[in-house]
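Reviewing the structure listed below.
The values are calculated or read from the model by the stated rules, or taken from the named source; none is laboratory data. Predicted model only: the values in this text are computed from it and were never measured. Here the Cβ is made from the backbone with ideal geometry for all residues, glycine too, and neighbour counts use every protein chain on show. Heads up: the accessible areas ignore ligands, DNA and RNA and are worked out on the full protein's heavy atoms, side chains in. Shrake-Rupley method; radii C 1.70, N 1.55, O 1.52, S 1.80 Å.
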Amino acid sequence: MKYDIVQARSEYNFTTGQHWGANFAKFSPAYAKTNEDIREIFWALQPKPGQSVLTVAGSGDQALHYAMAGASHIDTFDITFNAKMMMDIKTAAIQKLNRADFTKFINSVSHTRNIADMPECGRFIDSMPADTRDYIQQMRGAHLVRGGFYTEMLYNDEYAKLQKIIKGPFNFIWTDLSDLSRHLKMEYDQIYLSNILQYRARPEYVTPLVLDLARFLKPGGIMVVNVAPFFVGDDLEVVQHLKQQVTAQGVGTIKMIHNHFFDMCVLQKR
């Protein structure tokens, strides 16, 4: 995967280390940890061993939890190259660090401008893909990672399981959500869009995009259209419009899941 280091560096102020580009852009900071209660969400999704999955890269946590669930194929996507970087960091670190050092590193990485200089990083950086390793080195002085609010890291048994499962990086598609379908070549049992559409909650945008991506769901497959702590008026309007069109076109059904952790909109293909 090729990136333009000049463009990447132009998005940062190297005096302060801060990103001054768009909030979600080609090189905007990645999240160190997910903002979602991912265990509770996966309890609702019930992914099964052997399934194929397409998920937002984000902090890498969705892909890791799908791996723990036994997914046989995992593709990831994101608008920012830094999401790939964060995933590659985690898959390499899990293979080289114990859980305590991994947790310490992930909790600290958003506070540094020089990831490569962190002592834990020195133990796994050579195991990272060359493009990500070089990117970290060439972006010294920039805050490439932001926090994330979900504080519950991997449990001991989860970490031990991942150390046995993870043998390399996840496949990554570098794209905006609007162009994602152009890069897809297979059908999936689950597609996980996280909360991306919440930042552009308009029926005329969301409905065509979701219907387009639904072409890449297997019969009976599910797509997480949106998940958030709660849905507001715009979100509910989008869900209602999507539900009408999904039903009218015979694509499947739209289900709303609500509990004390989140609101989630799920499409299930017929």
Exercise for the section: Scan region 159-179 and report the pairs whose first residue is farther than 25 Å from Phe27 by Cβ and whose second residue is surrounded by fewer than 17 Cβ atoms within 10 Å (Cβ to Cβ), with Cβ atoms within less than 7 Å and a gap of 6+ or a chain change. Expected result: Gln163/Gln95; Ile166/Gln95
Completion exercise
For region 103-114, pairs from a residue that is touching a residue at least 40 places away in the same chain (Cβ under 8 Å) and under 12 Å from Gly148 (Cα atoms) to a residue that is assigned to a helix (DSSP H, G or I) and open to solvent by less than 70 Å² (accessible area, probe 1.4 Å), with Cβ under 7 Å and 6 or more apart or across chains, are Val109/Ile115
Handout entry: Failed item, numbered, when Arg133 is tested on (1) touching a Pro at 6+ places or on another chain (Cβ under 7 Å); (2) open to solvent by 30 Å² or more (accessible area, probe 1.4 Å); (3) outside any loop (DSSP other than H, G, I, E, B)
Key = (1)
Handout entry: region 146-158, subset more than 27 Å from Arg113 (Cα to Cα) and surrounded by 11 or more Cβ atoms within 10 Å (Cβ to Cβ), residue modelled with the lowest pLDDT
Key = Tyr155
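Do we find that Ala71 is of a type outside the set (Asp, Glu), surrounded by 18 or more Cβ atoms within 10 Å (Cβ to Cβ) and touching a Phe, Trp or Tyr at 6+ places or on another chain (Cβ under 7 Å) in this structure?
For Ala71, the condition - of a type outside the set (Asp, Glu), surrounded by 18 or more Cβ atoms within 10 Å (Cβ to Cβ) and touching a Phe, Trp or Tyr at 6+ places or on another chain (Cβ under 7 Å) - is not met.
Condition test on Arg140, is it without any contact (Cβ under 8 Å) to a residue 24 or more places away in the chain and open to solvent by 30 Å² or more (accessible area, probe 1.4 Å)?
So Arg140 fails the test.
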Exercise for the section: Could you give me the residue pairs with C-beta distances under 7 Å whose first residue belongs to region 66-78 and is farther than 18 Å from Ile41 by Cβ and in a loop (DSSP other than H, G, I, E, B), whose second residue is open to solvent by less than 10 Å² (accessible area, probe 1.4 Å) and of a type in the set (Gly, Ala, Ser) wherever it lies, and which are 6+ apart or on separate chains? Expected result: Ser72/Ser52
Fill in the blank from the handout: For region 159-179, the count of residues that are assigned to a helix (DSSP H, G or I), open to solvent by 50 Å² or more (accessible area, probe 1.4 Å) and not polar (S, T, N, Q) equals 4
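On the basis of being at pLDDT 95 or above, open to solvent by less than 40 Å² (accessible area, probe 1.4 Å) and not in a strand (DSSP E or B), does Val206 make the cut?
Yes; evaluated as a whole, the condition is true for this residue.
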Practice task
Take region 33-44 and flag every residue that is in contact (Cβ under 8 Å) with a residue 12 or more places away in the chain, closer than 30 Å to Val109 by Cα and not acidic (Asp, Glu).
Solution key: Lys33, Thr34, Asn35, Ile38, Arg39, Ile41, Phe42
Problem - Within region 45-55, tally of residues that are open to solvent by 10 Å² or more (accessible area, probe 1.4 Å) and either under 21 Å from Met86 (Cβ atoms) or without any contact (Cβ under 8 Å) to a residue 60 or more places away in the chain (or both) - result: 3
Practice task
Quick one: count up the residues across region 3-24 that are open to solvent by 60 Å² or more (accessible area, probe 1.4 Å) and not in a loop (DSSP other than H, G, I, E, B).
Solution key: 4
Handout entry: Selection from region 213-243 of residues that are closer than 15 Å to Leu180 by Cα and open to solvent by 50 Å² or more (accessible area, probe 1.4 Å)
Key = Arg215
Fill in the blank from the handout: Residues of region 115-127 being in a loop (DSSP other than H, G, I, E, B) and either of a type in the set (Lys, Arg) or open to solvent by 10 Å² or more (accessible area, probe 1.4 Å) (or both), in sequence order, are Met118, Pro119, Glu120
